Structure formats: structure tokens, C-alpha cells
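Reviewing the structure listed below.
The values are calculated or read from the model by the stated rules, or taken from the named source; none is laboratory data. Everything numeric in this text was worked out from a predicted model, so none of it was measured. Here the Cβ positions follow ideal geometry from the backbone for every residue, glycine too, while neighbour counts run over all protein chains shown.
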Amino acid sequence: MTDKRGTRKRRRNSKRLVIILLFELILLALLAGSYFLIYKGKNDTNTPKHNNDNSQGNNNEDNNDNNDIDNTVDDQLTDEEREALKEQERLQAEIKEREDLVEEAKRLTLSYDYDGAIELIKSYKGNEGGYEIYPTLVKAIEDLEEAKSSLVLYGGSYTSVTQFNHVFFHSLIADNSLAFDGDYDSKGYNMYMTTTSEFRNMMQSMYEDGYVLVSVHDLAKQVEDENGKLKFVPGEIYLPPGKKPFVLSQDDVNYYDYMDGDGFASRIVIGEDGKPTCEMILKDGSVVQGDFDIIPILDAFVEEHPDFSYKGAKGILALTGYEGSLGYRTDDPTSPTYEQDKETVKKVAEVLKANGWEFASHSYNHRDMREKSFEFIKKDTERWLDEVGSLVGPTDILIFPYGVDIETTMGHYASDKYHYLKEKGFNYFHGVDSKPWMHLKDDYVRMTRRPLDGQAMLEFPERLADLFNLNEIIDPERPAKNW
Ligand SMILES: [Zn+2]
């Protein structure tokens, strides 16, 4: 009996236990559920879950911050909306790309390179196809063609390239007090040099008068004739009406020893801004950089007035070799900086060429090339090519020392000297005369240059009357004619 009662009691007890256990389980489930809801909910607002594979793959601490921001909006978009947004962004980037292209083309036209500008736009390849399907680009080309059609051959100022001026200078005097100090070479400086202020005045005056710098390689071009033979023809330089193309060159850009301490730059260097500039040694021996000669002065002038240069042309730098080049004594293998200087000249020459400058041979020894023998010219030229040409690169321009031409002929060059120089690659031959003179033959160009130096200004001012009003040019610190 007790057994029966006892069994019944135990059954009742275990029933109660089951109910309590069930109750507890429900409570636990509720607690866990609310905890999950609250905690997870919090986490969702702070750390949105990443939808793309990339952000999941990069789910480390470094990337979390960025992904959080990037994906806040993204999270609310459907896949289609996200695709549409991406497409919109791509289209906007392409529109910007085309606008930039038109701007770049317009910059080319500042120096009259309309053909280059049109070509640039025509080279465009968009996602949908070539330039012709984009109205902005088609319109830009129409505008360029129209502007180009207003240009005239040689600015209408000349009927032939043979009338172009070619002016030349030596190193500019940067410190008048040192150059004109009355010592034995100040007379020579007064005759053959121009001061930086005179050069600036000349460029300003020529610019205002419509002059535009051109390269001799645009003035006369080598083309193939019907028999496949190369021959020179006049370049077709188109400029706005009233513009006057001219060529500029500078001789002996070597910074010779005799000029030390006389107020000239000492060498050409690349400045911290990556542009070519000059170094000059001051009286106290300190070295400064600045615009002490033609290269940095003209570069800055053209940067300010891009319409002073046709297609970015600057001038021709004529180098001898007997005291190295550009102010570096690359002629002397015993110099402790010989190898380093050669590398520097190569780099400086590269930058100069990229800035529109060209190089010419001015012979190695600076001797009269008419008077000297064929053998001398041959040795001299080989040495120039070896020691200078190897650093500044190939050139087909020869500027005669003292302006003395190899021949006096008014016909076609016929001498052995000419044939040798032609074989060595020279095509452009430059002497000196008081007015423009030029021969454009099938196989070469012979063009004289006008000196814009102290002698021309003080002794033959009438020769420069067509170029400027000398009263506005001559440096008040220049001595009177003293030779
Ligand atoms: Zn010279």
C-alpha cells in the first residue's frame, strides 16, 4: 500500500519538476531571444553587413572604417540601382575626360598648333567609339577648323621664308658693373654682348610688334620628291594676320674661362622646379641660381606669352667643344668630375630639348672655317661630334665661327668641305649678315643671321631700325662706343 501511495507521490513530484523545467526553458529562450534582438540590432546600425565579396574579404580592422562609410548608402540600394550608379559615375568620368582633352587641345592652339590640336581630339577613343560620336568633340573640331581658317601663310607679313629674320646673341651680361669695369676685355663685351635688360626689352618689343619664334626645322622641311629623293621645301607656317615668324640663336653657350668674374652666368643647370636655369658665381665665391642668361629669360617669357612661339619653338644653342659645353668642362678627361659632368650635360640637354631648344655645332675649336684646310675641318668636326654631339644628341645645324661661311659662292655649295659636312649630317648652315638672306636648295639651307649686340646698337643703329626703337632698348649702363 505504502508502495502504491509512495509511487503516486513521486509521480506528482516529477510532474511538477517537468513543469518548472519547461517554464525555465521558456524563460531562457525569451531571455536569449531578447538579448539576441537587442545586441544584434545594435550591431547592425554600427556595423552594417557587407554585401560585396571584396569588403567581406577585407574584413579586418584597417578596412572596416572605410567600408562602413562606403556601404552605408550602398546598403540601401538594390543591385540594379547600384549598377545604375556605377554606370552614371563612369559616364561622368568620361565626360570630364573629354572636357580635359578639349582644354589640352586649346592649350596647343595658344602656340598656333591647330593641326596638333585637331589630331589630338581625333585620336580620342571612348567607351562607345571614336571622337565622331561625341557632339562635344565634333563641335570642338569645328571650332578649331574655323579658327585655323583665319590664319594666313607666314602671318601675311612675308611672301617667302627667305625673308624671315634670324637674330643671334652671345652670352648675356647679367652684372653690368663687372662686365663694364674698364678692364682689358670690357671693350669686347661692349661690342659683342647684350645685357639681360636689353634682351628683355628686345623680346618685349618684338613680341608687341607681332614677332613669333619658329624653328628652322619648321621654316624649311625635308620631304621626299616623286623619285623618293629627299629635298628641302619651304615650311607652311600659318599664323594670325600680322604675325612675323623669326628664328633666334645663341652662340658659344659654353661659359668660357675668360668670362669668369666678369658678370656672366657660369653654367646651365636644372632648377628645383625641373626647369633649366643658370648658375652664377658671385664676387664672394658663393653660387646662386637665377635667370642670368637667355635660356631661363626666354623660357619664362614664352610661358607668360605662349603666342610668342610657334609650336613651342625657342632658339638654337650653338656650342663649341674646346672648353666643354654649357659650362661643364667635358673636354678634360683629367677633371675629377669628368664622368659626372658628361652625365649632367646629357640630362640638361634633354630638358632643354623638351623645352623647345635645339642644338647646333659651332665647331670644336672656333676657327675660321673658310681659311682653315679641309683636313682641319674634318678633324675639328669629328672631335665636336665625339665630345659634344655625343652628349647633346645629333644635330643638322652648323653655325659658322665668326659667321664666316665655308664658301663665298652665291650659287650652289660645291666644295669638299661642304660635301664632307653634308655627309656628317649637316643641312642648315648659318653665317652672319646685316639683313635677312637665305638660300633654300634641294639638299641644304643656307641662312644668315643678324647680330643684336653692342656693335650693332652703337655702331650701326640704322641696321636695327626695322626691328626696334633703340632708345627703348639700350641699357643706360652700357658705355658709349669705345672701339
Ligand atoms: Zn662664336
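Does Ala360 fit the bill of being free of Cβ contacts under 8 Å to residues at least 12 places away in the same chain and either in the same structural domain as Ala318 (by TED's automatic domain parsing) or under 19 Å from Gly425 (Cβ atoms) (or both)? So that I can check it myself, show each step before the final result.
Values: free of Cβ contacts under 8 Å to residues at least 12 places away in the same chain: no; either in the same structural domain as Ala318 (by TED's automatic domain parsing) or under 19 Å from Gly425 (Cβ atoms) (or both): yes.
When the stated conditions are applied, Ala360 does not pass them.
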I need the full set of residues from region 258-280 which are more than 16 Å from Asn355 (Cα to Cα) and in a strand (DSSP E or B), in order please. Arg267, Glu279, Met280
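Would you be able to say whether some residue in region 284-300 is modelled with pLDDT under 95 and part of a loop (DSSP other than H, G, I, E, B)?
Within region 284-300, the first condition is being modelled with pLDDT under 95, and the residues that meet it are 284-285.
The next check asks that each one be part of a loop (DSSP other than H, G, I, E, B); those that pass are 284-285.
Taking every residue of region 284-300 in turn, at least one turns out to be modelled with pLDDT under 95 and part of a loop (DSSP other than H, G, I, E, B).
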Within region 243-259, identify whether any single residue is away from the ligand (no atom under 16 Å from the Cβ), over 24 Å from His430 (Cβ atoms), surrounded by fewer than 16 Cβ atoms within 10 Å (Cβ to Cβ) and assigned by TED's automatic domain parsing to the domain that holds Leu440, and answer yes or no. no
When residues of region 309-330 are limited to those that are surrounded by fewer than 22 Cβ atoms within 10 Å (Cβ to Cβ) and more than 16 Å from the ligand (Cβ to nearest atom), the one nearest to the chain's Cα centre (by Cα): Gly312
How many residues are more than 15 Å from Phe308 (Cβ to Cβ) and polar (S, T, N, Q) if we restrict to region 184-224? 7
Of all residues making up region 393-441, the number that are within 16 Å of the ligand (Cβ to nearest atom), over 18 Å from Asn365 (Cα atoms) and hydrophobic (A, V, I, L, M, F, W, C): 1
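With acidic (Asp, Glu), in a helix (DSSP H, G or I) and closer than 27 Å to Ala300 by Cβ as the only criterion, which of Glu350, Glu375 stands out? Step through it out loud before you land on a result.
Details: Glu375 fails: closer than 27 Å to Ala300 by Cβ.
Within the list Glu350, Glu375, the selection yields Glu350.
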Is it the case that region 424-434 has a residue that's more than 30 Å from Glu382 (Cα to Cα), in contact (Cβ under 8 Å) with a residue 60 or more places away in the chain, under 31 Å from the mean Cα position of the chain (by Cα) and not in a helix (DSSP H, G or I)? no
With Ser171, Ser177, Ser197, Ser160 as the choices, which residue is more than 27 Å from Pro240 (Cα to Cα), in contact with a helix residue (DSSP H, G or I) (Cβ under 9 Å, 6 or more places away or on another chain), more than 16 Å from the ligand (Cβ to nearest atom) and assigned by TED's automatic domain parsing to the domain that holds Val214? Ser197
